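Enquirer: Below is one structure. I have some questions about it.
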Amino acid sequence: MLMFRSIQDNFVAGGRPNQWEPLKKTGEPSFLAQSGTLMKSLEGSWDNYSAKVGIDTGKIKYAAIHQFGGTIKHPGSDKFQVFDIGDTVVFTHGTKAHNINIPARPYLLFQEIDKTKILEILSSAIFINAGQK
């Protein structure tokens, strides 16, 4: 539960310990949570013997590009499109092929305080289990 909450807190803070790069079009802080898709894809499970946090396998590529950053090669489109840019709505008919550069926004990481707590929990569990034998 501690690990799962720590990663959720990374989204809420917009990056920890460093803030993620702001959104290019609006300059607003990036929380990777506007649509909620990535945060909702988090999976966590734990029991008395183990704990894990991961991403829904259907979202691996989407999750990876945000975690590590990278370039998406957009092939272009001849479709009519509508974009919200700040308080303005922009209409376009078609887009040229272009690259979309996504900066790294590492969210699957634990903070130092969390690492300390995790080690305390593990140490306690080892000590308790060693005393039972």
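Enquirer: Select one label from (i) 16.5, 54; (ii) 14.6, 44; (iii) 19.9, 72: the one whose number is Rg and Dmax of the Cα atoms in Å as derived from the coordinates shown.
Expert: The value computed from this structure is option (iii).
Enquirer: To the nearest 500 deg cm²/dmol, what mean residue ellipticity at 222 nm is calculated for the chain from DSSP H runs of n ≥ 4 alone, each contributing -39,500 (n - 2.57), summed and divided by the residues? Present the calculation step by step, with values, prior to reporting the outcome.
Expert: Working: 4 runs with 45 residues, N = 133.
One gets -10500 deg cm²/dmol as the mean residue ellipticity at 222 nm.
Enquirer: Still on this model: Compare the peptides 41-50, 78-87, 7-16 by average per-residue count of other Cβ atoms within 10 angstrom and give them in order, highest first.
Expert: On the way: 41-50: 11.3, 78-87: 9.0, 7-16: 17.7.
With the highest mean Cβ count within 10 Å placed first, the list reads 7-16, 41-50, 78-87.
Enquirer: Using the alpha-carbon atoms, what tilt in degrees (0 to 90, nearest 10) does helix 2-13 show relative to the longest principal axis of the chain?
Expert: 30 degrees
Enquirer: Now, a different point. Rounded to the nearest 0.05, what FRET efficiency do residue 123 and residue 59 have when you use their Cβ-Cβ distance and R0 = 41 Å?
Expert: Values: r = 34 Å, r/R0 = 0.83.
E(calc), rounded to 0.05, equals 0.75.
Enquirer: Further question: Based on the mean of other beta carbon atoms within 10 Å per residue, what is the order of 28-35, 70-77, most packed first? Don't skip to the answer; put the middle values down first.
Expert: Numbers: 28-35: 14.5, 70-77: 11.0.
Highest to lowest by the protection proxy: 28-35, 70-77.
Every number in this text was worked out from the coordinates using simple rules, so none of it is lab data. Note that the structure is a prediction, hence the values are computed from the model and not measured. All Cβ positions, even for glycine, are placed from backbone atoms using ideal geometry, and neighbour counts span all protein chains on display.
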